[in-house]
Structure formats: C-alpha cells, structure tokens
Amino acid sequence: MKRKICVVITARPSYSRVKTALRAIVNHPDLELQLVVAGSALLGRYGNAVDYITKDGFEIAEKVFMVLEGENPTSMAKTTGLGVMELSTVFYNLQPHVVVTIADRFETLATSIAASYQNIPLAHIQGGEVTGNIDEKVRHANTKLADIHLVASEGALERVIKLGEDPAYVFNTGCPSIDLANEILDSPGLNFNPLEKYGGVGSTIDTNNDYLVVMQHPVTTEYEESRLHIDQTLDAIRELGIPTFWFWPNVDAGADGTSGGIRTFREKHPGLPIHFFKNMEPTDFLRLLYNSRALIGNSSVGIRECAYLGVPVVNIGTRQHGRDRAANVTDVNYSKTEIVDAIKNWMANQRPEPSTVYGGGNAGEQMAKVLAEVPLRFHKTICY
C-alpha cells in the first residue's frame, strides 16, 4: 500500500518551500500525494497562489478557507483556531499516513495540532532555525509536535536534536526552494516580461538595465510600527531613484500598516520608477531576483535562495534575526540612511559568491525518500 502524504500549503511562500518535494512525492512509486491548500494561499489579495499550484499540474484534494480579516494578533489567533477545526475534519476524511507542515507561519500550528491530536504522524519542514520573533515560537512548537524532522541546514539539525528530538528522526535534506534556484541556473536569463505576464501597477521598467527588488513584510511582534518601518524603505528607494519591482506583504499582523504605507506613497509619488506586484510563479520570481542588483526587505528568500544564487541582499530589521547567513546579506535597521548606504555599497561592488548553507538542490527527492522509508510513529522517544 502506498503511503498517503498530506501536505498543507497555507500561504504563497510555502509553495516555493515545498514545490519540488510535491513533485518528488507524486513521482515516488511508494507515495501518494494528498494536497491541501488553505489560508491566504486561496485569497486573491495575496496573489492567488492556488492558481500557480493548479497550473503546475498538482491535484488539490481539499481547500480550506480559514483567514479572518483584521491582520492583527487577535485575528491571527482566531485564524489558527479556525484552521484547527477545519483541518481536523479534512484529516479525518482523508486518513493520511503522514501530514506535512511547512516552516513557521503562524497558521501552520493548526496543521500540527490537528494532525498530532488525531495520532497522525507529523513531518515538519524547516525546523530548528532561529529568528527571535513569533515565527520562532511557532517553528519550535511545530518541532515538538512533529515526529519527523526535515531540516534545511546542519545548524538547524543540531538545534532540533538539542530540543530533545530523536536523532534517528531528524534529517538534513536541505531546503526545497534551493532546488528551484538550482533549476534556473542552467538558463538564468529573464525569459519573460514581468509587466506583460503579471500586470501589476506602477511605472514601466526596462529589465535590461539595473533594477532592485523589494519584499518587506510586517513583523508580528512589532506590528504597530509596520507603517513606520515601510515608510523608511519607501523613502530610501525614492531617494535612490533606481528602478524597482516591489511585492506586496503577506497576511501577518501589521499588513494593513505596510499596505497602507505603500498605497499612500504610490498616490503621492506616481511618477517614480517603481512597479508593484502581488505575486509571481516561484521560478519567475527567482529569475527576477537573479538578474537584479539586490533584494531589499526582510523576506527569508534573501537568506535562502539569494544565498545560493549569489544575489546581494539588504536585510532590514529583526524578522530574520538569528538565521544562518551567507556573505550575500547586509543587515540594517529600520533607517532610510542605513538602507540607502547598504544598497549603494552593493551597487559599487561585485556580487557575492554563492553558498550552499541551505542545501545543494536535491532536497525534494531527499524528502520523498525519507517519507517513503522512515518507520512511522506518533509518539516520542525520550532523548534528553
């Protein structure tokens, strides 16, 4: 009998984190994929990630609408609670052999609780990393609820074992998003027109010339300052005047402040060389990054994929605090001056050397192999 592997995708970045693993599960003779799409991955205002999932040929077993409006800590808590209720029913109906939860977004706890409380073996992707905010709490909680750990670096592996997990169930597979980055290196050119393919709003940008990419999310433990934070970045980009592709924030608490700052700025400065997008297919986004002069903001793509691709990154604030880093990252505070200086420094220097700190490009296949072969259990072995 094939093992039924139920993977839950709750947001747009989660898809790139697991796409090659989904493909490897589908292709593995001993596995059957049960794909559940939930949360903001189903919502148009956050880029309709579900459309890219179906376009890539993946069959969706269930859709779970669970996001409450508000974009504040209370709505995050209620969204997670609603997710527990809905996903519990989904897992009861699908009867998977393993449930897979991804990384550290707040709503991923719903997947972990719904599975572990029903004695379904739980696999967690990207445990053991450090960031210092609510993401770290969620990530470590997922780790303690999980039975199988598919981590992305040696440092993460060591931390998961220090948390008391059985070393026989902790596997450094690397990050599946690095697999996608590896795929584009054979032909890294920008083989599409971003404006024609994805629309968006703002000025027309010639991708044959230098351009920047910005992706900045609110920090859930600093959500009340999200408007102030984004204003500093907007002012920095305005001062530099370099053509920029800007992506909208995710659904975390404080997103209203971030989005509101962008909208107000756009109305006040309609002629600036900035173009705004909601989302892109993962490989297109990586091509856009690879051909840029730098990524600005606080997305983990700067820590992971950009490290592998050798793309310079100006990482703003605390959201990625503590993560394993390569030489491509310059850390700055929420300061227009620091952001401007860091961008100018990267513009004046050569690209950094690529790094394999998060894997070498075969994580998806390694994950499928583990899920097919590891003895399944839903209880803990004492390893303290």
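The values are calculated or read from the model by the stated rules, or taken from the named source; none is laboratory data. These numbers were taken from a predicted model, which means no experiment stands behind them. Note: ideal-geometry Cβ built from the backbone for every residue, glycine included; neighbour counts use all protein chains shown.
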Item to check | Boolean, Phe106 is closer than 18 Å to Val138 by Cα, surrounded by 14 or more Cβ atoms within 10 Å (Cβ to Cβ) and of a type in the set (Phe, Trp, Tyr) | outcome: yes
Checklist entry - What tally of residues in the stretch 258-304 results from selecting those that are assigned to a helix (DSSP H, G or I) and polar (S, T, N, Q)? => result 4
Item to check | Ile178, sole failed condition from (1) within 15 Å of Arg304 (Cβ to Cβ); (2) in contact with a strand residue (DSSP E or B) (Cβ under 8 Å, 6 or more places away or on another chain) | outcome: (2)
Checklist entry - Do we have any residue at all in the stretch 338-346 that's at pLDDT 95 or above, part of a strand (DSSP E or B) and not aromatic (Phe, Trp, Tyr)? => result no
Checklist entry - Any residue in the stretch 44-61 that is in contact with a Gly (Cβ under 9 Å, 6 or more places away or on another chain) and of a type in the set (Val, Ile, Thr)? => result no
Item to check | Sole residue being surrounded by fewer than 18 Cβ atoms within 10 Å (Cβ to Cβ) and assigned by TED's automatic domain parsing to the domain that holds Val201, chosen from Arg263, Arg287 | outcome: Arg263
Item to check | Which numbered condition Gly200 misses (of (1) buried (at least 16 other Cβ atoms within 10 Å of the Cβ); (2) in contact with a Ser or Thr (Cβ under 9 Å, 6 or more places away or on another chain)) | outcome: (2)
Item to check | Enumeration of residues in the stretch 119-137 that are surrounded by fewer than 22 Cβ atoms within 10 Å (Cβ to Cβ) and part of a helix (DSSP H, G or I) | outcome: Ile134, Glu136, Lys137
Next on the checklist: I'd like to check something: does the stretch 211-231 contain any residue that is more than 22 Å from the chain's Cα centre (by Cα), over 18 Å from Pro249 (Cα atoms) and in the same structural domain as Val340 (by TED's automatic domain parsing)?
Outcome noted: yes
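So is Arg17 more than 30 Å from Gly361 (Cβ to Cβ), at pLDDT below 95, in the same structural domain as Ala368 (by TED's automatic domain parsing) and not polar (S, T, N, Q) or not? Break it down into steps so the answer makes sense when it comes.
Numbers: more than 30 Å from Gly361 (Cβ to Cβ): no; at pLDDT below 95: yes; in the same structural domain as Ala368 (by TED's automatic domain parsing): yes; not polar (S, T, N, Q): yes.
For Arg17, the condition - more than 30 Å from Gly361 (Cβ to Cβ), at pLDDT below 95, in the same structural domain as Ala368 (by TED's automatic domain parsing) and not polar (S, T, N, Q) - is not met.
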Checklist entry - Hey, among Asp179, Asp166, which residue is crowded, with 17+ Cβ neighbours inside 10 Å, over 30 Å from Pro270 (Cβ atoms) and in contact (Cβ under 8 Å) with a residue 60 or more places away in the chain? => result Asp179
Checklist entry - Right, Pro312: in the same structural domain as Arg227 (by TED's automatic domain parsing), surrounded by 21 or more Cβ atoms within 10 Å (Cβ to Cβ) and touching a residue at least 60 places away in the same chain (Cβ under 8 Å) or not? => result no
Next on the checklist: Here is a list: Tyr211, Tyr223. Which entry is out of contact with any strand residue (DSSP E or B) (no Cβ under 9 Å at 6 or more places or on another chain) and in contact (Cβ under 8 Å) with a residue 60 or more places away in the chain?
Outcome noted: Tyr223
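A quick yes/no check of all residues on (1) within 26 Å of Val370 (Cα to Cα); (2) buried (at least 18 other Cβ atoms within 10 Å of the Cβ); (3) of a type in the set (Gly, Ala, Ser):
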residue	(1), (2), (3)
Tyr15	yes, yes, no
Pro29	yes, no, no
Leu42	no, yes, no
Arg45	no, no, no
Asn48	no, no, no
Asp51	no, no, no
Val67	no, yes, no
Phe91	yes, yes, no
Val98	yes, yes, no
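Within the stretch 163-257, considering only helices (runs of 4 or more DSSP H) that don't extend past its boundaries, which have at least 3 residues that are in contact with a helix residue (DSSP H, G or I) (Cβ under 7 Å, 6 or more places away or on another chain) and acidic (Asp, Glu)?
Per the criteria, 226-240.
Condition check ((1) β-branched (Val, Ile, Thr); (2) assigned by TED's automatic domain parsing to the domain that holds Leu22; (3) assigned to a loop (DSSP other than H, G, I, E, B)) across all residues:
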position	(1), (2), (3)
Tyr308	no, no, no
Arg319	no, no, yes
Ala326	no, no, yes
Pro354	no, no, yes
Met367	no, yes, no
Item to check | Residues located in the stretch 331-364, provided they are under 26 Å from Gly189 (Cβ atoms), polar (S, T, N, Q) and surrounded by 14 or more Cβ atoms within 10 Å (Cβ to Cβ) | outcome: Ser355, Thr356, Asn362
Item to check | Enumeration of residues in the stretch 267-282 that are under 23 Å from Glu225 (Cβ atoms) and in contact with a Phe, Trp or Tyr (Cβ under 7 Å, 6 or more places away or on another chain) | outcome: Ile274, Phe276
